[in-house]
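For reference, the structure discussed in these notes is given below.
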């Protein structure tokens, strides 16, 4: 008989990240909101917003499979895409394509994603610094930069 772990994690580490699920929520919001836009001229902008929103989740997923420094790089790229979505939201607002309510909802999602990604970056950097200090003090070697779920990071927080 198999011994099943009581630990509730998924095979893909990024699926344990709250920020990843929040990015998926934003993608759903973008799809449902932009699907209501009557302006045929906004098609290119709609496509760009959809793509930018998706890329946030893609960077979170891709980065989670890398070492800590690379994961931080991918998280920063995800934040760049968040900012791209902010600009696109502002363009939609200026063009009168998004309502004030939609603009506020989009910006709230994007502010939340920025904060969550920033907190995860900070946690990874602190963890790397602790490992580096421990390794340099203990054996003089370099820190192990691999991203490990069970390490001192509570992945469910992000």
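Data table
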quantity	calculated
Segment 13-134 - percent relative contact order, Cα under 8 Å, separation 6 or more	27 percent
Spin-label pair residue 15/residue 83, simplified geometry with 7 Å Cα→Cβ offset, distance in nm	3.3 nm
Projected label distance in nm at residue 95 and residue 62, using a 7 Å step from Cα toward the beta-carbon	2.6 nm
FRET efficiency, residue 43 to residue 132 (Cβ-Cβ, R0 30 Å, nearest 0.05)	0.05
Residue order, fewest to most beta carbons within 10 Å, for 88, 24	24, 88
If the convex hull is drawn through the Cα atoms of segment 13-134, its volume per residue in Å³	86 Å³
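Bear in mind these aren't lab numbers, they're just calculated from the coordinates by the rules spelled out. Predicted, not measured: the structure shown is a model, and the values here were computed from it. Glycine also receives a Cβ, built like all others from the backbone with ideal geometry; neighbour counts cover every protein chain displayed.
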